[in-house]
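The values are calculated or read from the model by the stated rules, or taken from the named source; none is laboratory data. All values reported here derive from a predicted model rather than from experimental measurement. Every residue, glycine among them, receives a Cβ derived from its backbone with ideal geometry; neighbour counts consider all protein chains shown.
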Amino acid sequence: MEKKSTEQLQEVASQVRRDILRMVHQVQSGHPGASLGCTEFFTALYFDQLKHDSDFKMEGKNEDLFFLSNGHISPVWYSVLSRSGYFPIEEMSTFRKLNSRLQGHPATEEDLPGIRIASGSLGQGLSVAIGAAQAKKIDGDDRMVYVLMGDGEQEEGQIWEAAMYAAHWKVDNLIATIDLNRQQIDGPTKEIMDLIDLRAKYESFGWTVIDTENGNDMKSVIEGLEKAKSLAGKGKPVLNLLHTEMGFGVDFMVGTHKWHGIAPNDQQLADALAQLSETLGDY
Amino acid sequence: MEKTLDLKFNYTDKKDTRSGFGDGLLEAGRKNPNVVGLCADLIGSLKMGAFQKEFPERFFQTGIAEANMMGIAAGLSISGKIPFTGTFANFSTGRVYDQIRQSIAYSDKNVKICASHAGLTLGEDGATHQILEDLGMMKMLPHMTVINPCDYNQTKAATMAIAEHEGPVYLRFGRPVWPIFTPADQKFEIGKAWKMIDGKDVTIFATGHLVWEAVIAEAMLREEGISAEVINIHTIKPLDTEAILDSVAKTGCAVSAEEHQYNGGLGDSIAQTLIRNNPAPLEYVGVDDSFGESGTPTQLLEKYGLNAANIVAAAKRALARK
């Protein structure tokens, strides 16, 4: 695939946001908030950073692998997967409907190309990514393994088991990203369960930590991922703290937990789509 | 009592079933380079040391973190590795049920969950560790195969067989030294019940350590003129319903015997099979809705009603209901 410019990637992101909103609106269910907040990240991964093959093979030998731990933001993943050729874009219209391959939370049961493990019950993706990364080491495969987690998800205990393990066993072909939007379903993380200082927590566990200060700026996101990659292979797992705004790209959705799991109505959809240009053609 | 009985199966040696697992894992690892091992700080108890020593690069010590171990195993399997996880049965199931459900069963990953110290025969450690609900939890998960072998040889054969089987498996074994009464060269067929003793009056369906108790019970019943058929149900799921129905069609009544709650265990599975096809009398030998306690394996099997004498009594109750 030809390398896309930042502007071209931003155009893809605009379409991805339209896909997210239209999918969630159509079934009046799903999670638009963090999907919109992570749109630059997913676009940068699938259209710029990952070495991957849309002719999907589960094993992913000699490919970079991506795992989504906070599976509820499936709309953004489904959009980038279909927009990068894993399955027809028309299939997005089946999101969360009966007999669809696009389950509410990502799953392998229906053989949707691009998905390697089910997620949705939180806290499990980091462990899975570690296993996949260690398998690559055994196989002498020098590609990377990426995983995205939520910040609220850091409240799950399994994550800290995995964090301890990855540092102890020097799983340094792993780049974990936390979507630091400071929101969870019941409210701001500061009120629900204060994360205090995730950088200090992970550093004390033995990780290399970087911040991507503007996770909704394409250039910054790519710079962050490039930096993370440059720090890999040095004996420590790498954490990328991706500072995002939930609902980014739609003025009335931005920066609040209110749109975590709420679908826009007809008028709200129209208002939102008016803010996002249709760059690649709606499905 | 055993000495005076004319047993159809005998033994010259006793060993723990967990050693069958350890030795089977080593052989499976020698046969297939994709076999990898994981353990949550119980390498000695699970007898995984020989595998670790021979294949250090294919062995993963996770520390006391079973949830993480299950996730890592799932991740390893994606590239084609065949992960065998090892910890106690309690920590292999209840503690990590959601990790198994989502990352292994629902995701249909080729992970072998190998669980030692199952049941009452764990002994003195007591009820915190004596899980009696694991077969039920595991058999309810779609895609999951559930196996509970009866002695060292069968556990070793089962361990090697599951390495060749594609899909998630729960393999349950235990701690006590136990008679080795099945052949060393047996072929282990997943899902295929083994008729060990022919009989015509009552069928005893037994799994795990209680297969040995069933062998003793058959001899005791024979002395009283009752002909019992003994069937070794090493695979709880998929259940060999054909073997069960064929036998009960002949004998007309049955006993299930397991080191587990009969609520949710082998007894339940056999009852479901019979009720839909041939509602013959069935008596359960299992734990009746209680936790275990500290004691020796022999004491516990007696107190909780799981030994040969209990199987004999259950067989007579089943016969009386024909």
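Hey, can you tell me all the residues within segment A:138-155 that are at the interface with chain B (Cβ under 9 Å from one of its Cβ atoms) and either crowded, with 23+ Cβ neighbours inside 10 Å or of a type in the set (D, E, K, R) (or both)? Across segment A:138-155, the qualifying residues are A:139, A:141, A:145. Would you call residue B:68 touching a helix residue (DSSP H, G or I) at 6+ places or on another chain (Cβ under 7 Å), farther than 28 Å from residue B:212 by Cα and without any contact (Cβ under 8 Å) to a residue 24 or more places away in the chain? In short, yes. Right, residue B:146: over 21 Å from residue B:240 (Cβ atoms), in contact (Cβ under 8 Å) with a residue 24 or more places away in the chain and buried (at least 24 other Cβ atoms within 10 Å of the Cβ) or not? Here the answer is no, as residue B:146 does not meet what is asked. Checking every residue in segment B:48-60 against the condition of being touching a Phe, Trp or Tyr at 6+ places or on another chain (Cβ under 9 Å) and small (Gly, Ala, Ser) gives zero matches. Screening the candidates B:132, B:76 for the property of being more than 21 Å from residue B:237 (Cβ to Cβ), touching a residue at least 40 places away in the same chain (Cβ under 8 Å) and buried (at least 24 other Cβ atoms within 10 Å of the Cβ) yields one hit, B:76. Taking segment A:173-260 as the region of interest, the strands (runs of 3 or more DSSP E) fully inside it that hold 3 or more residues being aliphatic (A, V, I, L, M) and crowded, with 23+ Cβ neighbours inside 10 Å are A:174-180, A:238-243. Residues that are touching a Ser or Thr at 6+ places or on another chain (Cβ under 7 Å) and on the phi > 0 side of the Ramachandran plot within segment B:130-168 comprise just one, B:167. Being away from every other protein chain (no Cβ under 14 Å), touching a helix residue (DSSP H, G or I) at 6+ places or on another chain (Cβ under 7 Å) and over 29 Å from residue B:305 (Cβ atoms) is the requirement here; does residue B:184 meet it? Judged against the criteria, residue B:184 is a match. Listed by position, the helices (runs of 4 or more DSSP H) contained in segment B:237-322 that have at least 3 residues being surrounded by 23 or more Cβ atoms within 10 Å (Cβ to Cβ), touching a strand residue (DSSP E or B) at 6+ places or on another chain (Cβ under 6 Å) and at pLDDT 95 or above are B:266-277, B:308-320.
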